[in-house]
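The values are calculated or read from the model by the stated rules, or taken from the named source; none is laboratory data. Since the model is a prediction, treat every value here as computed from it, not as a measurement. Quick reminder, even Gly has a Cβ in these numbers, built from the backbone with ideal geometry, and neighbours come from all protein chains shown.
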């Protein structure tokens, strides 16, 4: 008697199916999700080289759909990262946002961006971070991992992916960070004589001679600069703001008033008068609460702009490799020069705004040595000072 058992049943309308797509040279699995409001069939699709691979993906996709996840098969890591950058950093400082954006555009999106988010595996992330460890410091690796993890978390909250594979990945040890260095006395003197009369010269003076952080100098306003205090006090700068979120200084100890050595006071007063003359020439009223170091558009200067101007100043001062220096090393140099002059670590910690001496010792340990005196007076002694007050 002939075998009349039925062959493989063809999937009916509205059922899941697997078929060969000649144009893609792959098997495609489709899960029916019913119909759209416009009456068109709505199907989620996966693809693979074999039917077994497609069936596994379909099982995973079906589970995601049951969990309420509606990730599109084409949703990529690049899209997830860009969505997070656009929507997941509300309330963050502009500087932090820019840092994340640069790292994402430089490392994450070029390397992982084309990968489908739902298909991203922990092994791939591990391999990527291991490769980056040969060229980046550990802190940078942690930030890259954070960008990927937080981008996927952002996608999870919107039902676009079921799992966060970045939670299963450990950050490897990267290259040692570049150690800070300090200007020698001869180098510092050359820097202080370079590009006199420019805003970057005044910026360098208060960073090197007063110890102001670069994030504190950029938002500094004139009503916080006292070159000739009416109460007869020593010229000083009120370091009460920074570029951090809501303008807070780094710590409570960082909110401080710092005496200026005579040279710094004279430079700042000359810079003020030059700015006032420039405003008068343009027919613009000079503002007492205006920025000390505004951009040409009157806005706060970016860290990148200050760094580039600083390196040009170093080039003019005769430095062979100005690109190897950053503005934060003016502060390191401030600590080094004070220590070499005999200022005790407790005084240095207070002047630079550290909450205790441990940070000062840890960060600047190569430059420190114990002894005695006071910040601004010491700078007058070190650089000879300008016996005349501000003109």
Practice item. Please enumerate the residues belonging to the stretch 280-301 that are surrounded by 11 or more Cβ atoms within 10 Å (Cβ to Cβ) and either touching a residue at least 24 places away in the same chain (Cβ under 8 Å) or in contact with a strand residue (DSSP E or B) (Cβ under 8 Å, 6 or more places away or on another chain) (or both). Key: 287, 290, 291, 292, 293, 294, 300, 301
Check your understanding: What are the pairs, 6+ residues apart or on separate chains, where a residue within the stretch 128-142 that is surrounded by fewer than 15 Cβ atoms within 10 Å (Cβ to Cβ) has its Cβ under 9 Å from a residue that is in a helix (DSSP H, G or I)?
Key -> 131/111
Point to revise | Filter result for residue 233 (part of a helix (DSSP H, G or I) and either farther than 30 Å from residue 141 by Cβ or at pLDDT 85 or above (or both)) | key: no
Check your understanding: With (1) under 30 Å from residue 225 (Cα atoms); (2) in contact (Cβ under 8 Å) with a residue 60 or more places away in the chain; (3) part of a helix (DSSP H, G or I) as the list, and residue 183 as the residue in question, which single condition is left unmet?
Key -> (3)
Check your understanding: Has the stretch 296-318 got any residue that is over 28 Å from residue 258 (Cα atoms), in contact with a helix residue (DSSP H, G or I) (Cβ under 7 Å, 6 or more places away or on another chain) and outside any helix (DSSP H, G or I)?
Key -> yes
Review point. When you go through (1) under 30 Å from residue 47 (Cα atoms); (2) surrounded by 13 or more Cβ atoms within 10 Å (Cβ to Cβ) one by one for residue 98, which number turns out not to apply?
Key: (1)
Exercise for review: Being crowded, with 16+ Cβ neighbours inside 10 Å, modelled with pLDDT of 90 or more and closer than 12 Å to residue 154 by Cβ is the filter here, so list the residues in the stretch 78-88 that pass it.
Suggested key: 79, 80, 81, 82, 83, 84, 85
**Study point:** Exclusive hit being assigned to a loop (DSSP other than H, G, I, E, B) and under 29 Å from residue 214 (Cα atoms), set 90, 114, 160
**Key:** 90
Point to revise | Subset of the stretch 1-56 (residues that are in a loop (DSSP other than H, G, I, E, B), modelled with pLDDT of 80 or more and within 21 Å of residue 117 (Cα to Cα)) | key: 49, 50
Review point. In this structure, does residue 233 turn out to be in contact with a strand residue (DSSP E or B) (Cβ under 9 Å, 6 or more places away or on another chain) and more than 30 Å from residue 119 (Cβ to Cβ)?
Key: yes
